[in-house]
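Read-outs: derived from the displayed coordinates by stated rules, not from any lab. This one's a predicted model, so the numbers in the text were calculated from it and none came from an experiment. Cβ placement follows ideal geometry from the backbone for every residue including glycine, while neighbour counts extend to all protein chains displayed.
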Amino acid sequence: MIPYQMPSLGADMESGFLREWKVKPGDTVKRGDIIAEVETQKGIIDIEVFDDGIIGELLIKVDDKVPVGTLMTHILTKDEAAAGIKPEKLTVQQAATAVSPPPVQRHIKASPLARKIAEEKGIDLASVKGTGPDGAITREDVERTTQKTVPAERSVSENVRMAVAAAMSKSNREIPHYYLDTTVDMTKSLTWMAEANKKLPLQERLLPVVLILKAAALACREVPDLNAWWENGPVKKDHVNIGFVVSLRSGGLMVPSINDADQKSLAQLMVALNDVIPRARAMKLKSSELVQTTLTVTSLGEGAVESVYGVIYPPQVAILGFGGIHEAPWAENGMLDVRKVMTITLAADHRATDGQTGNRFLLAINKNLQQPEKL
Amino acid sequence: MTEDQIKSVVFRLLKTVAPDTDPTQLKPGDNIRQSLSIDSFDYLQFIVGLDKELGIQTPEEDYGKIGTLKELVEYVSSRRPLAK
């Protein structure tokens, strides 16, 4: 019997609203199946199971606010399901408490009912202004706060803004960033791509961004220390899942992950982008596209400024920035020429790696871009 | 196909990739991508749509020839004879 808990769909996520169960008790599921829709600040996310089995009792009601880590259901084996094992039922509050006990509010005066409502709604009593005797917080005070903080009252773009704000603030607070940059000659890559595109129908034509993504993904294999998470220490990841920053026209960003990008051909990466970019813009992503990212790439594209210094998305330990491709004077072998060049920047977590590792990583990306036929 | 018909297809397709903009406000000399903040991915979708709707073929080396609205309309006209 495997417990299925509300997944964290980003460093900034504390809870989500269950909007729909896609399964019922007794349904057979396999790894990767979508079992529910959860509304977060990043839109409605399809959440997936990570194990094969049979769905147990559904412990959460639709439209409940569910803190990250709350037990939602169990995945049972065939034998367990046949034996009729019913997992012990936990309420939302009990499950949430088991995972992360709320801090004890010692110095705040509040009525027991106000405390109970605040706990249920996940409100910090310290943020509520009391109007009762001696400034004690009453039920009415808490309810006023609830009305103010109902997420539905914020527009989608405000929610995205707040999600970005929370993640970036956490990053800047906790991660000691170091930065490196290098400018690379893109002539070989672009010439190779133009030739390849002549043979391809319009719909399948490659964009420079897929060469960049593949070059970065392969570099993650060569320098695995940057393909990692900081989890009380650096933890290297087996898969190379590249988060690709998609800016929303209404403001804010979504960072869907291209999973196993190192294993994909350029054509497959193009197909993956064609699939994921429109869904990111429509805020319709799957949980596996948000929670498994091992390295983020932000690419400004042509016509943009020359370099971008990113802020790492925790728990990752690095972010790569690709500036706009532009013409510049280029000295090589004592000769001066005009070439199409691009500046690559690396922002990395100094707790996890040092400049020497970052240096090897950027050199590996450059080497890959000089051998486009191997991408 | 008249110039106005070409423009109306162009505006409609631009509106689908950049729904929050008003492409009809583009002046002939405006750079389309910069004026409407369209990234390379969306621009490719736009060209794909243009080729499909107007039955033309736009090779990659011609992308540089269709930066402004005026250039784009002329480019499409040269591939599809204008109605008299």
Considering every residue in B:42-54, what mean count of other chain Cβ atoms within 10 Å of its Cβ is obtained? 3
Inter-label distance for A:ASP51 and A:LYS236, nm, one decimal - labels placed 7 Å from Cα along Cα-to-Cβ: 2.8 nm
Label points 7 Å out from Cα along the Cβ direction at A:THR28 and A:HIS326: separation in nm? 5.9 nm
Under 17 Å from the Cα of A:LYS116, which lysines turn up, not counting those fewer than eight places away in the same chain? A:LYS65, A:LYS129
So how tilted is helix A:208-222 from the main axis of chain A? Cα-based, degrees 0 to 90, rounded to 10. 80 degrees
Residue by residue through segment A:132-144, the couplings from Karplus 6.51 cos²θ - 1.76 cosθ + 1.60 with θ = phi - 60°, in Hz, x for Gly and Pro, are x, x, 6, x, 5, 7, 9, 4, 4, 4, 5, 5, 4
Between segment B:1-44 and segment A:301-336, how many Å separate their Cα centres? 28 Å
In nm, to one decimal, how far is the modelled label at A:ASP260 from the one at A:ARG115, with both set 7 Å along Cα→Cβ? 5.2 nm
Largest-first semi-axes in Å of the equivalent ellipsoid built from the Cα gyration tensor of chain A are 44, 26, 18
Across A:GLU332, A:GLU222, A:GLU204, the residue with the highest GNM fluctuation in chain A (Cα network, 10 Å cutoff) is A:GLU332
Mind checking the dipole of segment A:176-374: about its Cα centre, +1 per Lys or Arg Cβ, -1 per Asp or Glu Cβ, Debye to the nearest 20? 560 debye
If one computes the Cα centroid of segment A:26-73 and of segment A:152-213, what distance in Å separates the two points? 30 Å
Output ordering of B:46-52, A:205-211, A:315-321 (per-residue mean of other Cβ within 10 Å, highest first) is A:315-321, A:205-211, B:46-52
Using the Cα atoms as the points, what is the convex hull volume per residue of segment B:3-79 in Å³? 81 Å³
State the Cα centre-to-centre distance between segment B:51-83 and segment A:260-275 in whole Å. 29 Å
Residues with amide H under 5 Å of A:ASP52's amide H, sequence separation 5 or more or different chain, H placed in the peptide plane at 1.01 Å from N; which? A:ARG31
Identify all lysines with a Cα-Cα distance to A:LYS374 below 21 Å; exclude those on the same chain that are fewer than 8 residues away in sequence. A:LYS188, A:LYS198, A:LYS199, A:LYS214, A:LYS264, A:LYS340
Give me a single rounded figure for A:194-207: the average over its residues of other chain Cβ atoms within 10 Å of their Cβ. 3
Quick one, what does Rg over Rh come out to for segment A:205-302 if you take C-alpha atoms and the Kirkwood Rh? 0.96
For the pairs B:LYS7/B:LYS52; A:LYS22/B:LYS15; A:LYS286/A:LYS367; A:LYS42/A:LYS109, flag any whose C-alpha to C-alpha distance is greater than 24 Å. A:LYS22/B:LYS15; A:LYS286/A:LYS367; A:LYS42/A:LYS109
Using per-residue counts of other Cβ atoms within 10 Å, averaged over each peptide, order A:70-82, A:20-32 from highest down. A:70-82, A:20-32
For A:LYS236, go through the aspartates and glutamates and keep the ones whose alpha-carbon is under 16 Å away, minus same-chain ones fewer than eight residues off. A:GLU222, A:ASP225, A:ASP260, A:ASP262, A:ASP349, A:ASP354
